[in-house]
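Each remark here refers to the structure printed beneath this line.
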There are 2 protein chains.
Amino acid sequence: MLPSENKYLTNVSFDTVIFGFTGEELKILILEYQNSGLFALPGGYIRRDENLLDAAKKGVMKRTGLKKIQLEQFHTFGKLNRSDPESSKTIAKGLGYEMPNDHWVLDRFVTIGYYALIDYNQVRPTPNKFSDSINWYSINNLPPLMMDHEEIVQKALEAIRNDLGTKLFGTNLLPEKFTMKELRKVYETILNKKLRRTTFQRKMLSMDILTRHEKLYTGAANKAPYLYSFNKKKANKT
Amino acid sequence: MLPSENKYLTNVSFDTVIFGFTGEELKILILEYQNSGLFALPGGYIRRDENLLDAAKKGVMKRTGLKKIQLEQFHTFGKLNRSDPESSKTIAKGLGYEMPNDHWVLDRFVTIGYYALIDYNQVRPTPNKFSDSINWYSINNLPPLMMDHEEIVQKALEAIRNDLGTKLFGTNLLPEKFTMKELRKVYETILNKKLRRTTFQRKMLSMDILTRHEKLYTGAANKAPYLYSFNKKKANKT
């Protein structure tokens with residue numbers, strides 16, 4: 001069934017950019033709509049009886065299988081011509097519906113963008129009834145995205161670059177305990193540039209947000225690196 | 001006349017927090033609606049034929065008399081109970097209109113927040129036909145604001161604190177040329193704390209965003225401080 005107007009707010013939607021880190025690459029989740037060849041960010045509408053943030057969380061949790069998620073709002077997109085009624089019609093058609101020309105989802109939408117940084121390994125992307133598939137794509141190798149979703153991804157990347165060092169702590173991009181090298185790799189991937197090992201380590205330690213744990217013994221005991229975790233109490237103050 | 005539904009997007013609006021710096025205090029512009037005793041941030045609706053950002057700019061320019069304005073989007077507010085139909089009815093009544101219960105402006109609204117940092121001395125606040133007055137109020141002494149406007153102000157303050165050192169340059173908070181002391185006063189007022197003169201000066205100069213000009217001669221020639229301006233080319237790269 002097509003979504004009914006009296007359940008949802010009109011002219012306003014949300015879209016999410018869900019980042020996962022493979023250890024090597026930054027990827028995001030992309031939906032492919034059934035029988036339409038259209039790729040999109042996971043998004044949705046806001047029910048009249050729910051908070052904007054809850055609507056976005058529910059949408060993400062449903063599609064990732066995660067029980068808990070932290071979303072950061074990064075930008076709201078409101079350009080005059082960002083909506084694309086033809087794509088919406090194509091999606092409806094792929095699902096077997098004929099969408100009337102005056103249907104509310106064909107109207108103009110202002111969309112609120114959220115990002116999430118999640119544990120790549122803990123997620124089982126779950127297609128919903130509208131989508132063929134939902135998959136991880138490297139941010140350097142995305143399929144052509146519908147509407148202004150490419151612009152939304154770029155703006156989300158800018159946002160996580162700006163938020164490195166503050167909001168990034170306490171997220172699930174890394175396992176609970178990690179080495180300095182793994183942390184540096186996250187920074188390098190997000191910033192898309194190499195960082196000097198010694199400078200990075202000094203900077204991170206000077207921020208006073210890491211707790212040092214035991215060494216990670218791998219056999220080559222001489223070179224065993226320390227494990228760290230985020231000191232969430234301190235990190236949240238930054 | 002009440003605003004007509006087919007001209008505007010429904011369920012979505014904008015609100016603006018317009019900061020000015022008196023040299024001593026940070027103030028914002030607050031509207032008082034006619035015959036209602038209600039105080040609010042300047043805000044409005046988005047015409048179906050205009051970009052979100054243009055709608056917000058137009059709203060601010062009309063009320064400040066400024067010909068040019070730089071707005072920064074900082075957060076979108078979408079809590080379930082943020083709208084307050086009773087206030088909207090009171091406002092309409094104060095203007096001499098009886099608002100029908102099913103009028104679209106009484107519905108739930110998600111609002112996009114923008115801030116602007118403008119030159120306090122160049123602005124002639126202009127009341128519009130709905131408002132009694134529009135005036136500068138110190139952020140430490142605001143009248144009780146309607147709806148969630150107090151929360152919007154607090155979030156805007158957080159945003160300008162975070163943006164200090166990046167987006168703040170090139171704004172109109174200061175005259176084109178200013179002394180280090182005047183610049184420090186802006187920082188101290190926004191951060192709401194005293195900063196050490198020497199540390200502040202060192203930090204600012206190390207950021208390489210200031211151009212040094214002639215000294216400001218005031219008569220007490222021995223102590224004449226240098227004048228600075230923002231090097232916009234460099235500042236925009238930060």
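Quick look at the values:
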| item | result |
| --- | --- |
| Shape category assigned to chain B from the gyration tensor of Cα positions, a/c cut at 1.5 | prolate |
| Rounded to the nearest 20 debye, dipole of the stretch A:5-163 from Cβ charges on Lys, Arg, Asp, Glu | 480 |
| Cβ-Cβ FRET estimate between A:Glu158 and B:Lys215, R0 fixed at 51 Å, reported to 0.05 | 0.80 |
| Over 23 Å between alpha carbons, listed pairs A:Lys67/A:Lys129; A:Lys67/A:Lys89; B:Lys27/B:Lys68; A:Lys27/A:Lys155 | A:Lys67/A:Lys89 |
| Average Cα contact separation per residue, chain A, under 8 Å, 6 or more apart, as relative contact order % | 23 |
| Solvent-accessible area per residue, Å², over the stretch B:171-235 with all protein chains present [probe radius 1.4 Å] | 68 |
| Å² per residue, accessible surface of the stretch A:5-163 at 1.4 Å | 45 |
| Other copies of A:Lys93: label-to-label distances in nm, shortest first, labels 7 Å along the beta-carbon direction | 5.2 |
| Mean Cα-pair separation over length for the stretch B:171-235, i.e. relative contact order, pairs under 8 Å, 6 or more apart, % | 36 |
| Average other protein chain Cβ within 10 Å of Cβ, residues B:43-51 | 2 |
| Burial ranking of peptide ranges A:3-14, B:35-46 (average Cβ count within 10 Å, highest at the top) | B:35-46, A:3-14 |
| Cross-link partners of A:Lys57 among aspartates and glutamates (Cα-Cα below 12 Å; sequence separation of 8 or more within a chain) | A:Asp15, A:Glu72 |
| Integer Hz, Karplus 6.51/-1.76/1.60 couplings in order for the stretch B:148-155, x for Gly and Pro | 9, 5, 4, 5, 5, 4, 4, 5 |
| Of A:Glu214, A:Glu32, A:Glu176, the one that fluctuates the most in a GNM where chain A has Cα springs shorter than 10 Å | A:Glu214 |
| Interface residues in the stretch B:1-19 - accessible area drops by 10 Å² or more relative to the isolated chain, probe 1.4 Å | B:Leu9, B:Thr10, B:Asn11, B:Val12 |
| Rounded tilt (10° steps) of B:85-94 against the dominant C-alpha axis of chain B | 90 |
| Theoretical FRET efficiency, 1/(1+(r/R0)^6), r = Cβ-Cβ of B:Arg47 and B:Ser87, R0 30 Å, to 0.05 | 0.85 |
| Positive-end extreme of charge dipole, the protein assembly as shown - chosen from B:Pro100, B:Met180, B:Asn141 (charges on Cβ) | B:Met180 |
| Label spacing, shortest first and in nm, from B:Glu158 to its equivalents in the remaining copies (7 angstrom along Cα→Cβ) | 2.1 |
| For the protein assembly as shown: rounded, prolate or oblate by the Cα gyration tensor [a/c cutoff 1.5] | oblate |
| Area hidden from solvent between B and A (accessible, protein heavy atoms only, 1.4 Å, total, Å²) | 1700 |
| Interchain or long-range residues, amide H under 5 Å from B:His75's placed H | B:Gly113 |
| Cross-link partners of B:Lys215 among aspartates and glutamates (Cα-Cα below 18 Å; sequence separation of 8 or more within a chain) | B:Glu176, B:Glu182 |
| Members of the stretch B:104-139 that become less accessible by 40 Å² or more once partner protein chains are added (1.4 angstrom probe, chain alone as reference) | B:Arg108, B:Val110 |
| Inter-copy separations for A:Phe130, label at 7 Å along Cα-Cβ, nm, ascending | 3.2 |
| Surface share of carbon and sulfur [accessible, 1.4 angstrom probe, percent] for chain B | 47 |
| Reachable aspartates and glutamates from A:Lys181, criterion Cα separation under 16 angstrom, eight or more residues apart if same chain | A:Glu24, A:Glu25, A:Glu214 |
| Occluded residues from the stretch B:63-78, i.e. those whose accessible area drops by 20 Å² or more once the chain is not alone (1.4 Å probe) | B:Gln73, B:His75, B:Thr76, B:Gly78 |
| In degrees, nearest ten, helix B:180-191 long axis to first principal axis of chain B (Cα) | 40 |
| Rounded to 5, the percent of DSSP beta bridges in the protein assembly as shown classed as antiparallel | 75 |
| Check: the protein assembly as shown dipole with +1 on Lys, Arg Cβ and -1 on Asp, Glu Cβ, in debye | 2740 |
| The stretch A:171-235: projected area of the alpha-carbon convex hull, averaged over directions, in nm² | 4.8 |
| In sequence order, calculated HN-Hα J values of the stretch A:124-140 (Karplus, 6.51, -1.76, 1.60; Hz; x Gly/Pro) | 10, x, 10, x, 9, 5, 8, 10, 6, 7, 9, 9, 7, 10, 4, 5, 8 |
| Förster-model FRET efficiency, 51 Å R0, B:Thr126 and A:Thr22, C-beta, rounded to 0.05 | 0.40 |
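The values are calculated or read from the model by the stated rules, or taken from the named source; none is laboratory data. Note that this is a predicted model, so its numbers are computed, not measured. A quick note on method: Cβ atoms are made from the backbone with ideal geometry, for glycine too, and the neighbour counts reach across all protein chains shown. Note: areas computed on protein heavy atoms with side chains; ligands, DNA, RNA excluded. Shrake-Rupley method; radii C 1.70, N 1.55, O 1.52, S 1.80 Å.
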